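A quick write-up on the structure given underneath.
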Amino acid sequence: MSTTAPSAAPATAIASFDAVVVGAGFAGMYMLHRLRGLGLSARVYEAGSSVGGTWFWNRYPGARVDIRSLEYSFSFSPELEDEWRWSERYAPQAELLAYAEHVAERFDMKRDIVFDTRIAAAHYHAEEQRWHVTTATGETVSARFLIMATGCLSVPTDVNFPGIADYQGRLLRTSQWPHEGVDFTGQRVGVIGTGSSAIQSIPVIAAQAADVTVFQRTPNYSVPAQNGPLDPDVVAEWTANRAEYRAMLRTSPLGSIVDARETLVKDEGREAAFAEFERRWQQGGFKILGAYADTWIDPEANAVAADFAAAKIREIVKDPAVADLLTPKDYPWATKRLCVDTGYYATFNQPHVHLVDLRASPIETFTPTGLRTSTESFDFDAVVLATGFDAMTGALDRIDIRGRDGVALKDRWAEGPRTYLGLMVAGFPNLFTVTGPGSPSVLTNMIMGIEQHVDWIADCLDHLTGRQQATIEALADAEAAWVEHVNEIANGTLYPQANSWYMGANVPGKPRQFLPYAGGLGVYAEHCEGIAARGYEGFVIESAAA
Ligand code: NAP
C-alpha cells in the first residue's frame, strides 16, 4: 500500500490510488477522512461542484432534514461537535450545506476531491487486482479499493409526460433546484407529486405564489416537525450527555431517539393509543414512530395509527372533500417514508391552493402553457416536478460497473440487488457500497448509518493492509443468506404492502423487492461487528497475485 501521493502505475501509465471514492456527500467525505487516517492515498470524484450530496442538489424551498439536527450530524470528531451550532430543531438545507462545507474546510478535504466529474465506468482487472475507474470525460485512474458513496436518493426518476418538451413555462425539479433560487411572486404554479419533497415545498411556494395547484396521485402520511429555534437548554443537555446520546443512536433501530416503547396498541386499546399518538404529534417529527411496537407488524395496530392520522387531517383541513383526498387509504400507515412537514395540511385551507386527484383525472399531456388532465386544462408560469428518485440502486445502475469476468453489476442485479450486508457483492472484489441495498440506510438517521458503514469499511481495509492482503470479496453463499435474511425481516413487517420506493415500485420495470434492511441499525451493526470479529466470515480474503 502506498502511503504517499498518487504515483503512476507503470503497467498502465495511469494515475493510481489506494482507493477511489465516488461521491462527496456525507458518506464520501467521511470515507476520505478515514482513508487518510489509515495512510491510504485516495481520490474522490463528485458530480456536483461542491460537497454536500443531497444537500447540494435539493435546494427547493422548505427543504430541511427530517431528523433532529443535533442527531443528524457527524459524531466522529468531538471538536467538530463542539464548534458547530445548529439554529433550528430541524436544520434547513442552506445550513446543512454550510455544515458540509465547514467539515470539508476543517479537515482540508477538497484537495482530494475532483468536482464536476461523473464516473461513467469502473472495471475490475483481476490480473492487477485493481479497479480502473473512468470519468464521463474519459480520464481513467486505477485503485485497489473502490468505494461507492453515491447516495440512496441521488438519481431522479425519469418523467416523460407527453408534450413536456413543448411546455413554455418554467419547469423545475425539486432535486435539481436552481442555485440562485426561484421567485414565485404573483405566479401560477403547478406541483406534481406529494412525497416528502412536495410536502416540504408546497407550504413555502404557496406563501409566495398567487395560485398553487397540487397534482396528487397517492396521498402520503405526514406529521408536523414542530420546528423552531433550537432551545439553548436542549443543546446544553445534549452536550452534557452527548456520549451517551451518541451511543444510544448507534444501537437504536432508527439511529434516532424516538423514545421507542415496547407497548402494544392491542394491549392499551384505541383510546389510549389516540392519546399517546396525540402527545407525540405535539412533540413532532418521528417521535410518533416510537409510540407502539406493533404498528409495524400488526395490521390492526397499524389501522389505529392510520385512523389517528386521518382524524388529524380532518381536524386541520376545513373542506371535508379535500381532507378525504389527502387521507391515504390503500397502504398501511408509515410503510412509505413518513413525511415531516411544517404547515402542509393547513396550506390547503388557503383559497389560492387547490388539490387535483390524478387517480380521478390523470395528466394526459403537457401543453405549451401548462398541462391537461382528463377533465381540465391548467395554465402555469412554473411547474415543479417533485416526482422522486430511482432509490438505492439508481446511482449504481448508471455506472458501468464490471466485476470478475466482465460481469456487469446491473446484470447481476437484473432480478433485484443482492449484497452481503449491503456492503459488498460476490464477484466484485474490493468494491464497497456505503448505505447500499440490504443495509439499514434510508430506514435510519443517514449520518449514523454512514458512520457505521464507513467505520466498518475502514477497519476492513486496515485489517487487509495490516496483513498484506490484497483483496476481499463476498462469498456467494453468504450473500444469498444475507439476501434471504433481509427479505425475511421485511416480510415480517407491513412495509411490503405499500407501493413505495423502498419496494422499487415507483420505477416502471424495477424488480419489486424491499431494498433496505428493516432489522434496525443497532442489530445490523452487531451483525457487521460479529462477522468482522470472526475473521470476516462470509468473505474470502486473498493476498497479492504473484
Ligand atoms: P417520493 O416520496 O417518491 O414522492 C414522489 C411523488 O411524486 C409521489 O407522490 C408520486 O406519486 C409522485 N409521482 C411520481 N411520478 C409521478 C407521475 N408520473 N405522475 C404523477 N405523480 C407522480 O419522492 P420525494 O418526495 O422526493 O421523497 C423521496 C424520499 O427522499 C423521501 O421519502 C425521503 O426519504 C427523502 N426526502 C427526505 C426529506 C427530508 O429529510 N426532509 C425531504 C425530501 C425527501 P405516487 O406515490 O403515486 O407514486
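The values are calculated or read from the model by the stated rules, or taken from the named source; none is laboratory data. All figures in this text were calculated on a predicted structure; none of them were measured in a lab. With ideal geometry, Cβ positions are generated from the backbone for all residues, glycine too; neighbour counts draw on all protein chains shown. These accessible areas exclude ligands, DNA and RNA; they are computed on the full protein's heavy atoms, side chains included. Shrake-Rupley method; radii C 1.70, N 1.55, O 1.52, S 1.80 Å.
Close amide-amide hydrogen proximity is noted between ILE14 and ALA9, each under 5 Å apart and 5 or more residues distant or on a separate chain (H modeled in the peptide plane; Pro and chain starts excluded).
Accessible surface calculations at 1.4 Å, restricted to protein heavy atoms, place the chain at 40 Å² per residue. Under a cut-off of 25 Å between alpha-carbon atoms, report the lysines in cross-link reach of LYS312, not counting same-chain residues fewer than 8 places apart. The reachable lysines, counting only those whose Cα sits under 25 Å from LYS312, are LYS266, LYS287, LYS329, LYS336. With a cut-off of 13 Å on the backbone N, the residues of the stretch 286-314 near the modelled label site 7 Å out from ARG279 along Cα-Cβ are 288, 290-292. Among the protein heavy atoms of the stretch 137-197, carbon and sulfur supply 45% of the accessible surface, probe 1.4 Å, non-protein parts ignored.
Put simply, the amide H of HIS354, placed in the peptide plane, has neighbours under 5 Å in VAL212, THR213, VAL214, leaving out anything fewer than 5 places away on its chain. The stretch between PHE107 and SER77, if pulled fully straight at 0.36 nm per residue, gains 9.8 nm over its current Cα-Cα span. The stretch 434-491 and the stretch 52-116 have Cα centres spaced 24 Å apart.
Convex hull volume of the C-alpha atoms in the stretch 227-286, normalised per residue: 101 Å³. Taking the average, over residues, of other Cβ atoms within 10 Å as the packing measure, peptides 345-354, 44-53 rank 44-53, 345-354 from highest down.
Relative contact order, whole percent, for the chain stands at 19, derived from Cα pairs under 8 Å and 6 or more residues apart. Net charge in the neighbourhood of ALA243 (other residues with Cβ under 15 Å of its Cβ; Lys, Arg +1, Asp, Glu -1) is -4.
For the stretch 386-397, backbone phi angles converted through the Karplus equation (6.51, -1.76, 1.60; θ = phi - 60°) give residue-by-residue couplings of 10, 9, x, 10, 7, 6, 6, 10, x, 5, 6, 4 Hz, Gly and Pro being listed as x.
Angle of helix 476-491 to the longest C-alpha principal axis of the chain, folded into 0 to 90 degrees and rounded to 10: 20°. Once the Cα-Cα distance is subtracted from the 0.36 nm per residue extended length, the ALA311 to PHE161 segment shows a gain of 50.5 nm. Ellipticity at 222 nm from helices only: DSSP H runs of n ≥ 4 in the chain, each -39500 (n - 2.57), divided by the residue count, give -9000 deg cm²/dmol.
Based on the alpha-carbon gyration tensor of the stretch 180-324 and its eigenvalue square roots a ≥ b ≥ c, which shape applies: rounded if a/c is under 1.5, prolate if not and a/b is larger than b/c, or oblate? Since a/c reaches 1.5 but b/c is at least a/b, the shape of the stretch 180-324 is classed as oblate. Using 0.36 nm per residue and subtracting the Cα-Cα separation, the extra length available between ASP324 and GLN176 on full extension is 50.1 nm. When both the stretch 298-343 and the stretch 380-402 are represented by their alpha-carbon centers, they are found 27 Å apart.
Taking trypsin sites (Lys or Arg not before Pro) in DSSP loop conformation with at most 15 other Cβ atoms inside 10 Å as exposed sites, the chain has its longest uninterrupted site-free stretch at 360-466.
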